[in-house]
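So the structure is just underneath, and the comments pick up after that.
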Amino acid sequence: MEIENEDALPTSNQALDPDLQKKHLSMLERLSNRHQSRLENSLALRSDSNSSSSSSSSAFLSRFSDSKRSIESQIAQSRLNHPTELSKLRSHLDNISASISDLEKLVAESSYFLPSYEVRSSLKTVSDLKQALEILNSELIPRKKFSFKNKASKKDPITEPTETTLEVSNSVSISHERLSLPVRDSPGFKNKKGEILVKDFKGSELGEFTLLDLDSCEVRLIGSVRALFMHKLRNCSVYAGPVTGSILIEEAEDCVFVMASHQIRIHNVKMSDLYLRVRSRPIIEDCNGVRFAPYCLSYEGVEEDLRDASLDEETGNWANVDDFRWLRAVQSPNWSVLLENERAEMVNIANLGGGTEGN
Amino acid sequence: MGLLSIIRKIKRKEKEMRVLMVGLDNSGKTTIVLKINGEDTSVISPTLGFNIKTITYQKYTLNIWDVGGQKTIRSYWRNYFEQTDGLVWVVDSSDLRRLDDCKMELDNLLKEERLSGASLLILANKQDIKGALTPEEIAKVLNLEAMDRTRHWKIVGCSAYTGEGLLEGFDWLVQDIASRIYVLD
C-alpha cells in the first residue's frame with residue numbers, strides 16, 4: 001500500500017489526465033480511512049475500561065482545549081470578581097487547582113497514544129495554567145510577610161523554665177511555631193525529687209510510659225510495656241522489666257539504668273552506667289562517660305516476662321554499642337565496658353523496701 | 001543497540017519509582033520497609049547510614065531509600081533528595097514529647113525545592129501502642145492542612161508491628177506517583 005502511494009505521489013504534481021488524478025485522490029482517501037480505522041481498532045484493543053471517552057488524539061485534543069479554555073476563563077474571571085470571604089476564595093482557588101490537576105491527569109492517561117509533540121505541548125499548557133493560578137493566588141491572597149519580631153527581649157520567667165538551653169540548639173528554623181494543639185499527657189512519673197517510684201505493669205493496659213524530670217529518684221518498673229521514654233533524669237536509678245518495643249533516653253546524668261528492650265537509643269547521657277539486654281545494637285549520641293554491662297535485674301516472674309518479650313536470650317549486644325558521634329573503626333572514647341569487678345550485683349527490686357505506686 | 005532495546009529501557013525506567021523514607025529516629029522506618037518486604041522484623045538496630053530496598057509492588061519497581069533518623073545524621077538526608085518521586089515521612093505516634101521536633105524537621109524538609117514535586121505520604125506509625133495519637137491528631141499537630149496546595153499528600157495510621165495500614169499507605173503513594181509520571185524525555 002505504502003509503496004503504491006509513494007509511486008503515485010510524484011505523478012500528482014505533473015497534472016496528468018484528470019481521470020488518473022481522480023483515481024489517485026480516491027485512493028488517498030481510502031488509505032486515510034483505513035489508517036483511521038486501524039488506529040481506532042488498535043486503541044480499542046489497548047484501552048482499558050476508563051478510556052472510553054478518550055479514544056483518539058483528536059478526541060483528546062478537543063477535550064483538552066475545552067477544559068483549558070474553561071480554566072483560563074475561570075482564572076480571568078476570578079481576577080475581576082471573586083468571593084471576598086477568605087475561606088470561600090480559598091475553596092474557589094482550590095477548585096481551579098483541582099481542574100488543572102484533572103487536566104494533567106488526562107494528559108498522563110493519554111500519553112501512551114499521543115504523539116510526543118502533543119504530550120510536550122499539553123504539558124507546557126498545564127504548567128502555564130499552574131503558573132497563572134499561582135500568580136492569581138499571590139495576587140488575591142498575599143502571603144504573610146516575613147519579618148523579625150522583637151519577641152526575645154520580652155522574657156517571661158514563668159512560662160519558659162528550663163527548656164531554653166535545648167531550644168537554642170534547635171533554633172535553626174526561625175519560623176518554628178509552638179504547637180497549637182495541647183497534646184495530651186502520657187502516663188508516667190514526672191517532676192519528682194528524692195522518691196522511690198514503683199509501677200507494676202502487670203494487668204495494666206499501658207502502651208507507653210514516660211519518666212520526665214526526675215532528680216535523685218529510684219524507679220522500679222515491674223512487668224513489660226511497649227515503649228519507654230526517659231527525659232531529664234539526674235542522679236536516678238531506673239530498674240525496668242522488658243520493653244517489647246524501644247527505649248529512648250534523652251538527657252541524663254549520674255544515673256544507673258538496668259533495662260531490657262528490643263531497641264535502645266541513648267542521647268545526651270553523661271557519667272552513667274547502663275546494664276542492658278538488647279536484641280539489636282544499642283546506640284549512643286552526644287554521650288560521654290557512659291559504661292555498659294549485662295542486664296542484672298530480678299523480681300518474681302522476670303524470667304517469664306523476658307521470655308514473653310523474646311528477651312530471654314543473652315545476645316551479648318549490650319557491648320556492641322554504636323556511637324553516632326564516633327564513626328570510626330577505633331573504639332569511641334565516649335563509652336566503655338564496665339569492668340567486671342565494678343559491676344553491681346544482681347538487683348532484686350522485689351526485696352528493696354516499699355515505695356509509692358504511680359499512675 | 002536496536003530500537004527494541006531502547007524501548008525496553010524506557011519501559012523499564014517508566015515503571016521505576018524512587019521513594020525516600022525519612023522521619024525522626026525511633027519512628028520505625030526500617031521496620032516498615034522490612035515488614036512490607038515480608039522480612040523478619042524482630043532484630044533491627046538503629047540505622048547508621050542508610051538501607052536501600054528494591055521491591056516489586058503491583059507492576060512497579062520501588063527503590064526505597066531508608067535513611068537513618070538520628071540527629072547526627074539528619075543533615076545527610078539532603079544527599080538523597082535528587083529524583084525522589086515519593087516521600088514517606090514516618091511519625092512515632094506514641095512519642096508525644098518530640099512531636100515538636102517532628103514538625104520542625106518536616107517543615108524544613110518541605111521547603112526543599114528538590115522535593116517539591118514528590119508525593120508525600122505521612123505514616124502515623126505505632127498505632128498498636130495504647131496512648132498513641134490518632135492520624136487525625138497527628139495531622140493537626142503537624143498542621144498538614146496549611147501545606148502548599150500543589151503538594152499531593154495523605155496521612156495514614158499504621159503499625160509496622162502488625163502491618164496494619166502499610167499497604168493502604170503505599171497503595172496510595174504508588175497510584176499517586178503513577179498518575180503523575182509518564183515518558184517525557
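The values are calculated or read from the model by the stated rules, or taken from the named source; none is laboratory data. Note that the structure is predicted; figures quoted are calculated from it, not measured. Heads up, the Cβs are rebuilt from the backbone with ideal geometry, glycines too, and the neighbour counts pull from every protein chain shown. SASA here: full protein model, heavy atoms, side chains in, ligands and nucleic acids out. Shrake-Rupley method; radii C 1.70, N 1.55, O 1.52, S 1.80 Å.
The table below lists the values:
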read-out: Scan of segment A:189-228 for residues that are within 19 Å of A:Gly245 (Cα to Cα) and more than 10 Å from chain B (Cβ to nearest Cβ), ordered by number; value: A:Lys199, A:Asp200, A:Phe201, A:Lys202, A:Gly203, A:Leu211, A:Arg220, A:Leu221, A:Ile222, A:Gly223, A:Ser224, A:Leu228
read-out: Tally of residues being of a type in the set (S, T, N, Q) and open to solvent by 60 Å² or more (accessible area, probe 1.4 Å) across segment B:145-172; value: 2
read-out: Residue among B:Thr47, B:Thr41, B:Thr61 that alone is out of contact with any Cys (no Cβ under 6 Å at 6 or more places or on another chain) and not in a loop (DSSP other than H, G, I, E, B); value: B:Thr61
read-out: Close pairs from segment A:306-317: first more than 13 Å from chain B (Cβ to nearest Cβ) and under 10 Å from A:Val278 (Cα atoms), partner among the basic types (Lys, Arg) and assigned to a helix (DSSP H, G or I), Cβ under 6 Å, at least 6 apart; value: none
read-out: Every pair of residues 6+ apart whose Cβ atoms lie under 7 Å, when the first sits in segment A:201-230 and is more than 20 Å from A:Ile266 (Cα to Cα) while the second is open to solvent by 40 Å² or more (accessible area, probe 1.4 Å) and in a strand (DSSP E or B); value: A:Gly207/A:Arg226; A:Ile222/A:Asp200; A:Gly223/A:Asp200
read-out: Cβ-Cβ under 6 Å pairs, at least 6 apart or on other chains, segment A:279-290 side over 30 Å from A:Arg307 (Cβ atoms) and within 11 Å of chain B (Cβ to nearest Cβ), far side hydrophobic (A, V, I, L, M, F, W, C) and open to solvent by less than 10 Å² (accessible area, probe 1.4 Å); value: A:Glu285/A:Phe324
read-out: Leading residue by the ranking (nearest to the other protein chains (Cβ to nearest Cβ)) among those in segment B:138-152 that are without any contact (Cβ under 8 Å) to a residue 24 or more places away in the chain and in contact with a strand residue (DSSP E or B) (Cβ under 7 Å, 6 or more places away or on another chain); value: B:Ala139
read-out: Filter result for B:Leu96 (within 11 Å of chain A (Cβ to nearest Cβ) and closer than 23 Å to B:Leu34 by Cα); value: no
read-out: Subset of segment B:103-118 [buried (at least 24 other Cβ atoms within 10 Å of the Cβ) and within 14 Å of chain A (Cβ to nearest Cβ)]; value: none
read-out: When residues of segment A:88-116 are limited to those that are hydroxyl-bearing (Ser, Thr, Tyr) and either in a loop (DSSP other than H, G, I, E, B) or more than 12 Å from chain B (Cβ to nearest Cβ) (or both), the one most open to solvent (accessible area, probe 1.4 Å); value: A:Tyr112
read-out: Residue match in segment A:225-245 (condition: buried (at least 17 other Cβ atoms within 10 Å of the Cβ), among the hydroxyl-bearing types (Ser, Thr, Tyr) and modelled with pLDDT of 95 or more); value: yes
read-out: Where B:Leu142 falls short, out of the listed (1) closer than 28 Å to A:Ser87 by Cβ; (2) surrounded by fewer than 20 Cβ atoms within 10 Å (Cβ to Cβ); value: (2)
read-out: Conditions (1) open to solvent by 30 Å² or more (accessible area, probe 1.4 Å); (2) modelled with pLDDT under 95; (3) not hydrophobic (A, V, I, L, M, F, W, C); number of the one not met by A:Tyr299; value: (1)
read-out: Test for B:Ile6: is it among the aliphatic types (A, V, I, L, M) and within 23 Å of B:Asn125 (Cα to Cα); value: no
read-out: Evaluation of A:Arg265 against (1) of a type in the set (Lys, Arg); (2) closer than 26 Å to A:Lys192 by Cβ; (3) open to solvent by 30 Å² or more (accessible area, probe 1.4 Å) (one fails), failing number; value: (3)
read-out: Pairs with Cβ under 6 Å, 6+ apart, first in segment A:86-115 and more than 15 Å from A:Glu134 (Cβ to Cβ), second open to solvent by less than 50 Å² (accessible area, probe 1.4 Å) and of a type in the set (Phe, Trp, Tyr); value: A:Ala108/B:Tyr182; A:Ser110/A:Phe60; A:Ser111/B:Tyr182
read-out: Residue count for segment A:67-87, restricted to those that are assigned to a helix (DSSP H, G or I) and surrounded by 11 or more Cβ atoms within 10 Å (Cβ to Cβ); value: 10
read-out: Residue among B:Ile155, B:Ile129, B:Ile73 that is of a type outside the set (Lys, Arg), within 30 Å of A:Glu104 (Cα to Cα) and without any contact (Cβ under 8 Å) to a residue 40 or more places away in the chain; value: B:Ile155
read-out: Candidate set from segment B:128-137 (those that are more than 10 Å from every other protein chain (Cβ to nearest Cβ) and open to solvent by less than 60 Å² (accessible area, probe 1.4 Å)); member that is farthest from B:Asn79 (Cα to Cα); value: B:Thr134
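Per-residue answers, yes or no, for (1) in contact with a Gly (Cβ under 8 Å, 6 or more places away or on another chain); (2) within 11 Å of chain A (Cβ to nearest Cβ); (3) open to solvent by less than 60 Å² (accessible area, probe 1.4 Å):
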| site | (1), (2), (3) |
| --- | --- |
| B:Leu3 | no, no, no |
| B:Met21 | no, no, yes |
| B:Asp92 | yes, yes, yes |
| B:Asp100 | no, yes, yes |
